[in-house]
1. State the number of residues belonging to segment 116-133 that are in contact (Cβ under 8 Å) with a residue 60 or more places away in the chain and part of a helix (DSSP H, G or I).
2. Can you pull out the residues in segment 189-237 that are among the hydroxyl-bearing types (Ser, Thr, Tyr), buried (at least 21 other Cβ atoms within 10 Å of the Cβ) and in contact with an Asp or Glu (Cβ under 8 Å, 6 or more places away or on another chain)?
3. Checking Ala237 against (1) of a type outside the set (Lys, Arg); (2) more than 22 Å from Gly6 (Cβ to Cβ); (3) modelled with pLDDT of 95 or more; (4) not in a strand (DSSP E or B), which single condition isn't satisfied?
4. Quick check, is Leu213 in contact (Cβ under 8 Å) with a residue 12 or more places away in the chain, within 14 Å of Val151 (Cα to Cα), touching a Ser or Thr at 6+ places or on another chain (Cβ under 8 Å) and outside any helix (DSSP H, G or I)?
5. Scan segment 141-187 for residues that are in contact with a Lys or Arg (Cβ under 8 Å, 6 or more places away or on another chain) and not in a strand (DSSP E or B) and jot them down.
6. What number of residues within segment 244-260 satisfy the criterion of being over 20 Å from Ala139 (Cβ atoms), surrounded by fewer than 23 Cβ atoms within 10 Å (Cβ to Cβ) and in contact (Cβ under 8 Å) with a residue 12 or more places away in the chain?
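The values are calculated or read from the model by the stated rules, or taken from the named source; none is laboratory data. In this text, all values refer to a predicted model and were calculated from it rather than measured experimentally. Here the Cβ is made from the backbone with ideal geometry for all residues, glycine too, and neighbour counts use every protein chain on show.
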Amino acid sequence: MSDIGGRAQKLAGEASAEAAAQGLDESPADLTGPPPPPPDLTAAAFFDVDNTLVHGSSLVHFARGLAARDYFTYRDLAMFVFAQAKFQLTGRENSDDVAEGRRKALSFIEGRSTAELVALGEEIYDEIIATKIWPGTRALAQMHLDAGQQVWLVTATPYELADTIARRLGLTGALGTVAESIDGVFTGRLVGDILHGTGKAHAVRSLAIREGLNLRRCTAYSDSFNDVPMLSLVGTAVAINPDADLRDLARERGWESRDFRTARKAARIGVPSALALGAAGGALAAVVSHRDKK
């Protein structure tokens, strides 16, 4: 990685940790539920989102919701669906594809208020994303919460959407890609870069310093080989629905691996299950429906 790219990833990680800390300060305490367990102050769990916690791409699910509200054209949404289908069929992420897709997705927010994006995320979570949560991964997150540990999402998805998912699931917070805003209005630029690869590791390390966490006592979960920097940073790494490269590395390093996909044969050869393909199909259906309205 070039020095410029490395600095951008570090800046993205630090900006994500700072946004997450501000989110904690602004979130009201939940006084309606049962009392929380005694806190385990130095341990935490970090979960990737796409295909680890959420079935498919959270950003594509978000784009589907935006298309239904006429924020995107048929051509725009088709590009998102194509990128998602490519990911689903190969079982792997490509850093360039991820970066390009996220940048295009973020470009639409230029000039819009941060409050508008948060409100849209709330609506689209209820309509689409809530049904895409992997129950097995959700149970793992709850296990850490029940142990009094912090639970964080770490994702290339925009911070506002990631934070909504975290809040709706009762998690501690989220580390996500930070879009620059001035006086509550998005500029259409990113702070640093997409939170991806080494950027996630920078974000987790920065958050650990802020929260006083002992990374050797922390756990990280992901489906993607691209998250090896984050997985290698903590004491316990777990591969969830792993791509082929991560599955091989997990076996080599003795990391635990769990697969919540239903088609075991498909999982062994590194392609998605029928349910995973259904997510892309649902997005295509949304495209056709949107086009028919034109």
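1. 5
2. Within segment 189-237, Tyr221, Ser222, Ser224 meet the criteria.
3. For Ala237, the failing item is (4).
4. Working: in contact (Cβ under 8 Å) with a residue 12 or more places away in the chain: yes; within 14 Å of Val151 (Cα to Cα): yes; touching a Ser or Thr at 6+ places or on another chain (Cβ under 8 Å): yes; outside any helix (DSSP H, G or I): yes.
Yes: the conditions hold for Leu213.
5. Leu169 - this is the single residue of segment 141-187 that is in contact with a Lys or Arg (Cβ under 8 Å, 6 or more places away or on another chain) and not in a strand (DSSP E or B).
6. First pass over segment 244-260, keeping only residues over 20 Å from Ala139 (Cβ atoms): 244-249, 251-254.
Remaining after also requiring surrounded by fewer than 23 Cβ atoms within 10 Å (Cβ to Cβ): 244-245, 247-249, 251-254.
Retained after the next criterion (residues that are in contact (Cβ under 8 Å) with a residue 12 or more places away in the chain): 244-245, 247, 249, 253.
The total comes to 5.
The rows are residues; the columns are (1) under 28 Å from Thr219 (Cα atoms); (2) β-branched (Val, Ile, Thr); (3) surrounded by 16 or more Cβ atoms within 10 Å (Cβ to Cβ); (4) at pLDDT below 95.
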{"site": "Gly65", "(1), (2), (3), (4)": "no, no, yes, yes"}
{"site": "Arg69", "(1), (2), (3), (4)": "no, no, no, yes"}
{"site": "Glu93", "(1), (2), (3), (4)": "yes, no, yes, yes"}
{"site": "Glu100", "(1), (2), (3), (4)": "no, no, no, yes"}
{"site": "Arg103", "(1), (2), (3), (4)": "no, no, no, yes"}
{"site": "Thr131", "(1), (2), (3), (4)": "yes, yes, no, no"}
{"site": "Gly136", "(1), (2), (3), (4)": "yes, no, no, no"}
{"site": "Gln142", "(1), (2), (3), (4)": "yes, no, no, no"}
{"site": "Leu153", "(1), (2), (3), (4)": "yes, no, yes, no"}
